[in-house]
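Below is one structure, written out as structure tokens, with a few remarks after it.
The values are calculated or read from the model by the stated rules, or taken from the named source; none is laboratory data. In this text the structure is predicted, and so the values were computed from the model without any measurement. Here the Cβ is made from the backbone with ideal geometry for all residues, glycine too, and neighbour counts use every protein chain on show.
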2 protein chains.
Amino acid sequence: MRILIGNHIDPSIRARGDMRAWTQRLFWFARPGDLLILCCEPDAVFVDYALAHTGVKREELTVLTAPAGAWGNRLLDPASLTVPAFVEQVRAALGPDGGGAVSEVFALWPSAAVARLANALGVSDRFPGAAFFEQGGGEIGNNKANFRALAAASGVPILPGRICRSRAEAIEATGALLETSASGAVVVKQAHNGAGVGNQLLVRDQEMAVDHVGARHLHHLAPGPDGITAYWAKRWPWASREDRWPVVIEEFAPGADAVYSEHYTSDEGTRATETGRLHYVGRRLSHQVVPLNGVTEPVRTALLDGGTRLAEAYRSMGYRGHLSADALVLPGGRVVFTEVNAQVSGSLHIYQSIAHGIVEVAAAPARQVVEYHVPPTWAVSSFTAFLAALDELGLTYDPATRMGVIVSMPAIPLAPGEPVQFVFCIAYDPAEGHAGAFGRLDARFATVPAGTYDASQHIGTGAVSFSS
Amino acid sequence: MRILIGNHIDPSIRARGDMRAWTQRLFWFARPGDLLILCCEPDAVFVDYALAHTGVKREELTVLTAPAGAWGNRLLDPASLTVPAFVEQVRAALGPDGGGAVSEVFALWPSAAVARLANALGVSDRFPGAAFFEQGGGEIGNNKANFRALAAASGVPILPGRICRSRAEAIEATGALLETSASGAVVVKQAHNGAGVGNQLLVRDQEMAVDHVGARHLHHLAPGPDGITAYWAKRWPWASREDRWPVVIEEFAPGADAVYSEHYTSDEGTRATETGRLHYVGRRLSHQVVPLNGVTEPVRTALLDGGTRLAEAYRSMGYRGHLSADALVLPGGRVVFTEVNAQVSGSLHIYQSIAHGIVEVAAAPARQVVEYHVPPTWAVSSFTAFLAALDELGLTYDPATRMGVIVSMPAIPLAPGEPVQFVFCIAYDPAEGHAGAFGRLDARFATVPAGTYDASQHIGTGAVSFSS
């Protein structure tokens, strides 16, 4: 049996609002016999739905809820994992062999608290990287500033950029980068955030096309050094989270495609697991596609080579487990890397569980999988309403054709009574594309009037936040 | 020629008071033809004194002062290194071959600003680790929290301990560590500080012997959980520098000896350079001795093995240059590592330049070198007064006997008119020890009445701070 932990980045590193729904994607990874630990009671409808796809029976799984901690049941309090009574509960669930029955400890986020739980259960040697994670390795491996140093040291291509620890450094770096940047624009990145929510694009040219960029926030710089100083006077506290983290400032590369290469690192070495592509609309993550297509062989090779070198670098440091190396394909075909997420990303369930496990995309005829975020224009009333619509529209996933929609997570409202938010996959024939299926759903659900929502703030900053 | 940069930790990481005197130890490393960059005009008397020992002629060196920045000439402002006019001044000093004449860039602290200067001069490939340091690698390599993760991942022995990112985590960790700690005491460490100034010892037992410990601050915990909560309510802002850095909390090991193993890491690999011993008096760094003696062979082997593994780990991450792996020898002989200083430490000039370069300690008859901090009880009026006293006492370094005193840095007062502070080496016959020479100096200078100074605050927190 394995112990699967539905946690998320430690709140002391990045406080997230409500991770109840998103962490339940853990069920996609469950295999018969596994013990799952969540921050809340799972959504029974979603669990039955997901397990019906994976073929695991509910009674083959043990699900435990960690005691409510500082964040109630919205976020798993890392300290809850080692509350003595809970450790006893876990131990009891392991059965008569105790820790001997455990083959692996798998956590969505490599928290020191997971390492301590593994210690308490006597199964540390089955939590890969336990020693590193127990001493804060999770933070080190997911810090976007550290990424740049590790990438640079490994000779992996990155964009020109700087790491700043003070407002004065940020002002100087912004000026210097804008001077040499062909685009006249830079991206400011928080060290710990995800899906572009912690990125702000600073542009001088009001006409620049930036809609497709993974930077939730946009700022038009006033001319000259004063514009830079004024920006940082206002935004340094946001960018550094009140001086808490280093800030990355990077040249902006216009017209680039966002791709990623995922890898698994173990004591034995590293292996590439999958590549994919991210699409941003309105500077907000809209959808991602696996496996990666539409790139030249040199691009694919550069992506895999750089990803492998990064995986090796993170492995050398002590990291074990899945990681995602994110990159941009520049208009000329050059591949530059932008960050590593050394955690279970928002892609693993898509490619490992859904695309390969359920859809078997590599079988003939080939299939592809796209995962969409429900757009801010959609009003979906509930999970079951969405499933009913899929049925009506003939979009329910069909194992015979290996096409159709699979919802990836429970659907819960941003606020009581509001439309629900979630992500869902469409398995499709690459020759046909996914626009048709998406268009039919869009026609059905896009009823939120324009101007009544703030697209740049809709997801990830409210009560429900997901994607890494 | 080499470019030697007399800098110090970036002020955005750790703001130090006044580094003018301490950074002039750079002259111990100078070789004919070198270009030295300092934050201030060097002390001419000290320079002549040091060069008389190393045999380098003043006219064989070029010394440039970086433009005064945010800290005047007290601290080298990293941004000053790339002020265009200064870059031009450096370039002019390189002579007709320009960057081609430069064999190495060597900095006391591996700042991104040094990498940018090397870039501007076109000599990045001669600043080992430039790519890593340019992206903030210096901070990563000197963070005491990162050390624990890297050491744990490398299987290098460390004391039980935790990395905390919030007060709540610190309270929980302190309670848990005190529960399992045999000593009933823990050490709290700031991520970025040195010479024990950023360490605080928390003890429950008022009688515990702690005078010899490298922890400037001491706190007697009130009984029970309330004592822990009360401590952190007050000291979390100090320990975390207002939430800026992770905090290390480590079990305290009573009765241990503080030792270190220094290593050099390059593209080719790592090599051990020297081992030594640190002595704390009144929980304040008093003196250090090289080469290390008085340890068993198993201890020496464990120290060198662990140090080598750490050097390899830091090298894998991208670090290049000198580093010091600090360790404790526990009463039972076990060696545990406590931190890595991935920078030019406060020991390199002692062993490389003075002990090996000048005294040649390994020649027959063998010699040893101790470097003392001027104790808080001494009133020394000036550098020349100290040299005069050495002459009178027959303690001036004598190349014939290879014994006597060599002052390591300029001597400047903590405040105008106050006694001067500095460090000085005594070369001695290991069979005799250094107590005799030190005793004669102590008899001469220990005229500050007890109770008129605060030993725990005397050095490193005032106008003059030194040691790393």
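Just to verify a result, which residue in the range A:119-142, among those that are touching a Phe, Trp or Tyr at 6+ places or on another chain (Cβ under 7 Å) and more than 7 Å from chain B (Cβ to nearest Cβ), is farthest from A:Gly269 (Cα to Cα)?
A:Gly138
In the set A:Gly55, A:Gly98, A:Gly6, which member is in contact with a helix residue (DSSP H, G or I) (Cβ under 8 Å, 6 or more places away or on another chain), of a type outside the set (Val, Ile, Thr) and on the phi > 0 side of the Ramachandran plot?
On inspection, the qualifying residue turns out to be A:Gly98.
Could you figure out which of (1) assigned to a loop (DSSP other than H, G, I, E, B); (2) farther than 24 Å from B:Ile140 by Cβ; (3) within 24 Å of the chain's Cα centre (by Cα) isn't true of A:Arg244?
Against the list (1) assigned to a loop (DSSP other than H, G, I, E, B); (2) farther than 24 Å from B:Ile140 by Cβ; (3) within 24 Å of the chain's Cα centre (by Cα), A:Arg244 comes up short only on (2).
Is it fair to say A:Gly255 is on the phi > 0 side of the Ramachandran plot, away from every other protein chain (no Cβ under 14 Å) and either touching a residue at least 24 places away in the same chain (Cβ under 8 Å) or part of a helix (DSSP H, G or I) (or both)?
yes
I need a count of the residues in the range B:211-241 that are farther than 30 Å from A:Arg241 by Cβ and over 23 Å from the mean Cα position of the chain (by Cα).
7
State whether one or more residues within the range B:349-363 are assigned to a loop (DSSP other than H, G, I, E, B), at pLDDT below 95, within 23 Å of the chain's Cα centre (by Cα) and of a type in the set (A, V, I, L, M, F, W, C).
Within the range B:349-363, none of the residues are assigned to a loop (DSSP other than H, G, I, E, B), at pLDDT below 95, within 23 Å of the chain's Cα centre (by Cα) and of a type in the set (A, V, I, L, M, F, W, C).
Which is within 14 Å of chain B (Cβ to nearest Cβ), surrounded by fewer than 22 Cβ atoms within 10 Å (Cβ to Cβ), in contact (Cβ under 8 Å) with a residue 60 or more places away in the chain and assigned to a loop (DSSP other than H, G, I, E, B), of A:His212, A:His192?
A:His192
Out of everything in the range B:364-382 that is assigned to a strand (DSSP E or B) and either in the same structural domain as B:Thr308 (by TED's automatic domain parsing) or not acidic (Asp, Glu) (or both), what residue ends up being farthest from B:Phe132 (Cα to Cα)?
B:Gln368
Give the range A:145-189 a look and list any residue that's of a type in the set (D, E, K, R), within 10 Å of another protein chain (Cβ to nearest Cβ), over 20 Å from the mean Cα position of the chain (by Cα) and within 22 Å of A:Leu330 (Cα to Cα), or say none.
A:Arg162
What are the residues in the range B:303-319 that are of a type outside the set (S, T, N, Q), closer than 17 Å to B:Thr273 by Cα and touching a residue at least 40 places away in the same chain (Cβ under 8 Å), if any?
Listed by number, the residues that qualify are B:Leu303, B:Leu304, B:Gly306, B:Gly307, B:Arg309, B:Leu310, B:Ala311, B:Glu312, B:Ala313, B:Tyr314, B:Arg315, B:Tyr319.
Out of the residues in the range B:215-241 that are more than 14 Å from chain A (Cβ to nearest Cβ), in a loop (DSSP other than H, G, I, E, B) and out of contact with any Lys or Arg (no Cβ under 7 Å at 6 or more places or on another chain), which is surrounded by the fewest Cβ atoms within 10 Å (Cβ to Cβ)?
Checked the range B:215-241; the qualifying residue surrounded by the fewest Cβ atoms within 10 Å (Cβ to Cβ) is B:Pro223.
Rundown of residues vs (1) within 30 Å of A:Ala131 (Cα to Cα); (2) within 22 Å of the chain's Cα centre (by Cα), yes/no style:
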{"site": "B:Thr54", "(1), (2)": "no, yes"}
{"site": "B:Pro96", "(1), (2)": "no, no"}
{"site": "B:Phe127", "(1), (2)": "no, yes"}
{"site": "B:Asn143", "(1), (2)": "yes, yes"}
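Out of the residues in the range B:51-79 that are over 14 Å from B:Leu35 (Cα atoms), free of Cβ contacts under 8 Å to residues at least 24 places away in the same chain and not hydrophobic (A, V, I, L, M, F, W, C), state the one that is farthest from the other protein chains (Cβ to nearest Cβ).
So, considering only residues that are over 14 Å from B:Leu35 (Cα atoms), free of Cβ contacts under 8 Å to residues at least 24 places away in the same chain and not hydrophobic (A, V, I, L, M, F, W, C), the one farthest from the other protein chains (Cβ to nearest Cβ) is B:Gly55.
Can you name every residue in the range A:71-103 that is within 25 Å of A:Glu139 (Cβ to Cβ), surrounded by 14 or more Cβ atoms within 10 Å (Cβ to Cβ) and small (Gly, Ala, Ser)?
Those that are within 25 Å of A:Glu139 (Cβ to Cβ), surrounded by 14 or more Cβ atoms within 10 Å (Cβ to Cβ) and small (Gly, Ala, Ser): A:Ala79, A:Ser80.
Given the structure, is B:Ser261 farther than 18 Å from B:Gln190 by Cα, surrounded by fewer than 19 Cβ atoms within 10 Å (Cβ to Cβ), among the polar types (S, T, N, Q) and within 21 Å of the chain's Cα centre (by Cα)?
Here the answer is no, as B:Ser261 does not meet what is asked.
Out of B:Arg334, B:Arg315, I need the residue that is modelled with pLDDT of 95 or more, of a type outside the set (Gly, Ala, Ser) and more than 18 Å from B:Ala253 (Cβ to Cβ). Which one?
B:Arg315
So, in the range A:309-329, of the ones that are out of contact with any Leu (no Cβ under 7 Å at 6 or more places or on another chain) and farther than 25 Å from A:Pro160 by Cα, which residue ends up farthest from the other protein chains (Cβ to nearest Cβ)?
Applying the filter and picking the extreme gives A:Gly321.
What do you reckon, is A:Val114 within 21 Å of B:Gly161 (Cβ to Cβ), away from every other protein chain (no Cβ under 13 Å) and assigned to a helix (DSSP H, G or I)?
Here the answer is yes, as A:Val114 does meet what is asked.
Taking the condition farther than 26 Å from A:Thr54 by Cβ and surrounded by fewer than 16 Cβ atoms within 10 Å (Cβ to Cβ), does A:Pro331 pass?
yes
Return the only residue of B:Glu418, B:Glu371 being charged (D, E, K, R) and under 18 Å from B:Val281 (Cβ atoms).
Within the list B:Glu418, B:Glu371, the selection yields B:Glu371.
Is it the case that some residue within the range B:430-442 is at pLDDT 90 or above, among the acidic types (Asp, Glu) and closer than 24 Å to B:Arg25 by Cβ?
The answer is yes, given that some residue of the range B:430-442 is at pLDDT 90 or above, among the acidic types (Asp, Glu) and closer than 24 Å to B:Arg25 by Cβ.
Looking at the range B:9-47 only, could you name the residues that are assigned to a helix (DSSP H, G or I) and either surrounded by fewer than 20 Cβ atoms within 10 Å (Cβ to Cβ) or in contact with a helix residue (DSSP H, G or I) (Cβ under 9 Å, 6 or more places away or on another chain) (or both)?
Residues satisfying the conditions are B:Gln24, B:Arg25, B:Leu26, B:Phe27, B:Trp28, B:Phe29, B:Ala44, B:Val45, B:Phe46, B:Val47.
Take the residues in the range B:320-367 that are free of Cβ contacts under 8 Å to residues at least 60 places away in the same chain and in contact with a Lys or Arg (Cβ under 9 Å, 6 or more places away or on another chain), then tell me which one is farthest from B:Glu297 (Cα to Cα).
So the residue we want is B:Glu360.
Within the range B:98-105, is there a residue that is in a loop (DSSP other than H, G, I, E, B) and within 14 Å of another protein chain (Cβ to nearest Cβ)?
No, the range B:98-105 has no match at all.
Give me the pairs: first residue in the range A:383-412 and assigned to a loop (DSSP other than H, G, I, E, B), second residue of a type in the set (Lys, Arg), beta-carbon distance under 8 Å, and six or more apart or on different chains, which are they?
A:Leu395/A:Arg440; A:Arg402/A:Arg367; A:Ser408/A:Arg25; A:Met409/A:Arg25; A:Pro410/A:Arg20
I need the full set of residues from the range B:158-186 which are within 20 Å of B:Tyr280 (Cβ to Cβ) and touching a Ser or Thr at 6+ places or on another chain (Cβ under 9 Å), in order please.
Scanning the range B:158-186 gives B:Ile158, B:Leu159, B:Val186.
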